[in-house]
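Colleague: The structure that follows is given in the form of structure tokens.
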Amino acid sequence: MQPREFAIGEAELEALRLAARAARPREACGLLLGRREGARVVVERVVVARNVAQDVERFEVDPRDHLQAQRDARDAGLDVVGAWHSHVHGPATPSVSDAREALPGWVHAIVDTVSGEARAWYAGAEGLRELARVG
Ligand SMILES: [Zn+2]
């Protein structure tokens, strides 16, 4: 079953917004730890990673941070369910390269650094599909 909903707490969202503002003029990025519950992806924890992309308008999670996040998830009984990154000038929608590079089976959350809006997409067989945010 493909996920249709995305649950994340206000505190976690605020952590993403803060990291997005702190990273300017670069994009912030990281991983989402949580679990699948049927059609819902529940994010329990957010990880802020180093962005090792050369281009200022791109992001690439530092592989060391990715490994650490996998260990932390395992220790906490969670999975790495997705990734997040910021758009320095908004909007919180996937760019062409975001859509092309989205890892299948993952949630991809995007934070608009200007407005603080956060939206999330699931990368399935037919490309990215937006998830409805629930509590
Ligand atoms: Zn992007």
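The values are calculated or read from the model by the stated rules, or taken from the named source; none is laboratory data. Keep in mind it's a predicted model, so treat the numbers as computed, not measured. Every residue, glycine among them, receives a Cβ derived from its backbone with ideal geometry; neighbour counts consider all protein chains shown.
Colleague: Please work out if Leu33 is of a type in the set (A, V, I, L, M, F, W, C), away from the ligand (no atom under 16 Å from the Cβ) and without any contact (Cβ under 8 Å) to a residue 60 or more places away in the chain.
Modeller: yes
Colleague: Specify the residue that is farthest from Ala109 (Cα to Cα); the eligible residues are those in the stretch 38-84 that are touching a residue at least 24 places away in the same chain (Cβ under 8 Å), charged (D, E, K, R) and out of contact with any Ser or Thr (no Cβ under 8 Å at 6 or more places or on another chain).
Modeller: Asp72
Colleague: Which members of the stretch 31-50 meet the condition of being under 22 Å from Leu128 (Cβ atoms) and surrounded by fewer than 21 Cβ atoms within 10 Å (Cβ to Cβ)?
Modeller: Listed by number, the residues that qualify are Arg35, Arg36, Glu37, Gly38, Ala39, Arg40, Val42.
Colleague: Another one. Test Pro104 against the stated conditions and say whether it is under 22 Å from Ala22 (Cβ atoms) and of a type outside the set (A, V, I, L, M, F, W, C).
Modeller: It is false that Pro104 is under 22 Å from Ala22 (Cβ atoms) and of a type outside the set (A, V, I, L, M, F, W, C).
Colleague: Name the residue that is farthest from the ligand (Cβ to nearest atom), counting only residues in the stretch 81-134 that are over 13 Å from the mean Cα position of the chain (by Cα), hydroxyl-bearing (Ser, Thr, Tyr) and surrounded by fewer than 18 Cβ atoms within 10 Å (Cβ to Cβ).
Modeller: Once the filter is applied, the top-ranked residue is Ser115.
Colleague: Within the stretch 18-41, which residues are in contact with an Asp or Glu (Cβ under 9 Å, 6 or more places away or on another chain) and closer than 23 Å to Leu67 by Cα?
Modeller: Across the stretch 18-41, the qualifying residues are Ala20, Arg26, Glu27, Cys29, Gly30, Leu31, Leu32, Leu33, Gly34, Arg35, Arg36, Val41.
Colleague: Further question on the same structure: Among the residues of the stretch 38-48, how many are over 11 Å from the mean Cα position of the chain (by Cα) and either at pLDDT below 95 or hydrophobic (A, V, I, L, M, F, W, C) (or both)?
Modeller: Of the residues in the stretch 38-48, 4 are over 11 Å from the mean Cα position of the chain (by Cα) and either at pLDDT below 95 or hydrophobic (A, V, I, L, M, F, W, C) (or both).
Colleague: Here's a follow-up. Across the stretch 12-28, what is the total count of residues that are more than 14 Å from the ligand (Cβ to nearest atom) and either within 15 Å of the chain's Cα centre (by Cα) or β-branched (Val, Ile, Thr) (or both)?
Modeller: Summing the residues that are more than 14 Å from the ligand (Cβ to nearest atom) and either within 15 Å of the chain's Cα centre (by Cα) or β-branched (Val, Ile, Thr) (or both) in the stretch 12-28 gives 7.
Colleague: Mind checking which residues of the stretch 9-30 are outside any helix (DSSP H, G or I), surrounded by fewer than 24 Cβ atoms within 10 Å (Cβ to Cβ) and out of contact with any Phe, Trp or Tyr (no Cβ under 7 Å at 6 or more places or on another chain)?
Modeller: Listed by number, the residues that qualify are Gly9, Arg24, Pro25, Arg26.
Colleague: Which of the residues belonging to the stretch 79-127 are at negative phi and out of contact with any strand residue (DSSP E or B) (no Cβ under 8 Å at 6 or more places or on another chain)?
Modeller: Val88, His89, Val96, Ser97, Arg100, Glu101, Val114, Ser115, Gly124, Ala125, Glu126
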